[in-house]
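Quick notes on the structure that follows.
No lab work stands behind these numbers, since they all come straight from the coordinates. No experiment lies behind these values; they were computed from the predicted model shown. As a convention, Cβ positions derive from the backbone with ideal geometry for all residues, glycine included, and neighbour counts pool all protein chains shown.
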Amino acid sequence: MAIDVKDAFKRYLRDREEQGTDWNYWVERNESVRSAVATFLGADPDEIAITTSASASINSIASAMDFTGSRNKVVISSFEFPTNAQIWYAQELRGAEVVRVPDRDGYIPAEDFESAIDEDTLLVAVTHVCFHNGAKLDIPAIAEIAKRKGAMMLVDGFQGLGTFEFDVRNAGVDFVVGGMLKYLLGSAGIAFLYVRDELIEKLVPTVTGWFAQADIFAMDNTRYDPSPSARRFETGTPPVPNSYAAEAGLKIMKEVGLSAIEYRINEITAAIIAEAKRAGYTLAVPDDPKRHGALITLRTHDEDALVQALENQGIITSCRAGNLRISPHFYNNSDDIDVLFGALRQHNHLLL
Ligand SMILES: Cc1ncc(COP(=O)(O)O)c(C=O)c1O
């Protein structure tokens with residue numbers, strides 16, 4: 001956790017003690033996060049909802065979709081984080097049909113979506129970077145197929161945003177979800193949703209609350225009056241302490257700059273891949289830089305034992321689906337890589 005983020009949490013506690021429930025200041029913090037996220041994505045602040053999780057973002061969109069019309073298919077992939085599959089399978093209770101595009105040899109080329117997306121497809125909802133092996137999908141190419149076939153396109157950017165430059169208009173997507181916990185340096189319990197401006201007023205969420213209304217403080221309990229902006233995809237009291245932290249994290253990201261961050265991450269991930277190959281380890285992620293994100297994954301015999309052994313040596317990694325997940329950020333350097341591979345050499349028996 002960055003020092004500035006830690007200080008932001010302390011500031012929340014101090015303000016809470018000294019100012020009580022300072023709604024105006026709280027709303028300002030939320031608006032500051034909204035603007036920073038918008039800048040970050042190349043979007044307008046009115047196209048951004050601040051939510052409590054990626055799941056809340058996706059559920060809000062799902063609640064606004066009608067699966068009883070001429071299109072009812074939702075195309076996902078085998079790379080999805082559980083949430084972005086489970087929520088769409090839940091919509092089968094409301095008339096949706098989920099189609100899952102499988103990976104082959106650890107990747108899903110964009111052309112594999114060509115036959116899955118058809119004139120019955122309402123939405124394509126896919127991850128940008130796979131949480132268990134780090135593969136990075138070609139989102140602009142998949143979005144082009146979706147658009148050509150008249151479907152909407154949602155990207156789960158949780159494992160990618162903050163590690164490379166991403167612009168919603170260049171990517172050609174309709175919805176983006178992400179959270180502040182990982183590469184955006186913020187906190188758990190705060191996330192966001194981008195909705196392309198033309199779609200906002202067409203989508204009326206049935207998951208709602210007072211912060212989603214046109215006038216939040218109207219306190220009108222006689223009707224539902226959704227905001228004309230993407231704020232309609234929010235619900236109740238914003239995640240206030242987490243917005244202090246997210247604001248601080250996003251400020252650091254802005255100061256360092258995404259192009260510098262992307263450059264550094266490319267250098268570090270290339271070095272990790274080269275070292276892993278030299279050591280004879282098996283990569284679970286494609287080695288083509290266009291096909292992986294910041295997560296580099298190695299096949300293991302016992303992922304839990306390896307993560308624990310590294311943690312005992314002061315190296316924080318994680319594991320998913322039998323893979324060791326190494327997630328460098330811009331603040332890591334070549335010394336960190338040396339330390340990591342020095343430690344891995346002591347645990348060769350746990351690696352494939
Ligand atoms: C790809 C992806 N999506 C979503 C999430 C988290 O979803 P939520 O904010 O609903 O917990 C994660 C968490 O690791 C993730 O990796």
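See the values below:
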read-out	value
Exposed-site-free run, longest, the chain (rule: chymotrypsin sites (Phe, Trp or Tyr not before Pro); DSSP loop; at most 13 other C-beta within 10 Å)	1-223
Hull shadow area, averaged, the chain [alpha-carbon convex hull, nm²]	18.4
Over the chain, relative contact order from alpha-carbon pairs under 8 Å, at least 6 apart, %	19
Among GLY172, PHE211, GLY189 the positive-end extreme of the charge dipole of the chain (Cβ point charges)	GLY189
Selection of GluC sites (Glu not before Pro), segment 161-242, meeting DSSP coil and at most 16 other Cβ within 10 Å	GLU165, GLU201
For segment 278-352 versus segment 138-198, the gap between their alpha-carbon centres in whole angstrom	26
Dipole moment magnitude, nearest 20 debye, the chain about Cα centre, only Lys, Arg, Asp, Glu C-beta charged	400
Relative contact order %, segment 143-293, counting alpha carbon pairs below 8 Å whose residues are six or more apart	21
